[in-house]
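Just so you know, all these numbers are worked out from the coordinates, no wet-lab data involved. Remember, it's a predicted structure, so these values are computed and weren't measured experimentally. Heads up, the Cβs are rebuilt from the backbone with ideal geometry, glycines too, and the neighbour counts pull from every protein chain shown.
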């Protein structure tokens, strides 16, 4: 092996080892399907890295045509990233049929490129792969918006459900794609080493968040929710002429729902879901969802957290409780979430809010004294 390829070789071996460890850990874990899918994807990437490692021992490195032919097999990893993205926003999306539909075309492309031994065909395949990934990312953006809306209609706490972390991951993925594409035109060990390094960082970030990610048991995506709501209404034998909105008013949600919710202080449950509220109040979750979404023009998440903030405001202005205590007793799952939600409403921190309120009280006390002096 030439000395100039030593860095490339060791960076590839390092990536291979990391992916093997993470892949085995996720595949053998008793976690969600998302973890299993991520684990198998990592093991596939590890196998392709092993293929590249073998090239070093057969002195093929540096022979461009052979390298391009062997690298054609790497196209099969493109759909694996798509699998994870879709599984994130639509649990149980992946199945055997979809795996075959996405993987077989790339497998055929790799085989054809290997036998054709054509640089031009290889470049076309690279462009096609990039277009495929870009198109699926575009589809994912739309699906993520629906997912974000859906979890906020179902859950009062979304810290481990939201996909905000995908922002930095997408940037890293774009960098990996850039290095990967660049390596086809400018063959240099350093470029390959950077590609392997950034890829490893990307997957470590992904695995960290997948480990923490909570997969919703059941969420109603827009469109699906309307169908399921209609099915529920049919099961309850409600006249077709009565809409869900009319049912919400019929059950006097404006008074009874909010009164019972406040009286039982349901917002204090940090893991409260809309199903929990429906069970506690002895009503249908569809009515609750319709009332909050259509009559109050907000999501379940926003409604519950508005009640938590109201409770926190009272504690901040009437007690000397610490912020962690106020956050916990108000139903927030973490202090950071409490700060974020509070700042979104008041545009200041809870501490600043307490200070401002204390100064107002002092000013009000000083006013009567000033009048008496006159």
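Things worth noting here:
- Ranking of 336, 306, 11 by count of other Cβ atoms within 10 Å, fewest first: 336, 306, 11
- Here the Debye sum runs over all C-alpha atoms of segment 79-187 as equal scatterers in vacuum, and log10 of I(q)/I(0) at q = 0.09, 0.12, 0.18, 0.19 Å⁻¹ comes out as -0.32, -0.54, -1.01, -1.08.
- Residues 272, 48 arranged by fewest to most Cβ contacts within 10 Å: 48, 272
- FRET efficiency, 1/(1 + (r/R0)^6) with R0 22 Å, evaluated for residue 93 and residue 134 via beta carbons: 0.70
- Over segment 256-355: Rg over Rh, Cα atoms, Kirkwood Rh: 0.99
- For segment 311-374, convex hull of alpha carbons as volume per residue, Å³: 81 Å³
- With a Förster radius of 22 Å applied to the C-beta separation of residue 280 and residue 217, the computed FRET efficiency comes to 0.80.
- Counting other Cβ atoms within 10 Å as a rough exposure proxy, the listed residues 214, 325 run 325, 214 from fewest neighbours to most.
- Debye equation applied to the C-alpha atoms of segment 3-212, log10 I(q)/I(0) at 0.08, 0.13, 0.17 Å⁻¹: -0.29, -0.76, -1.28
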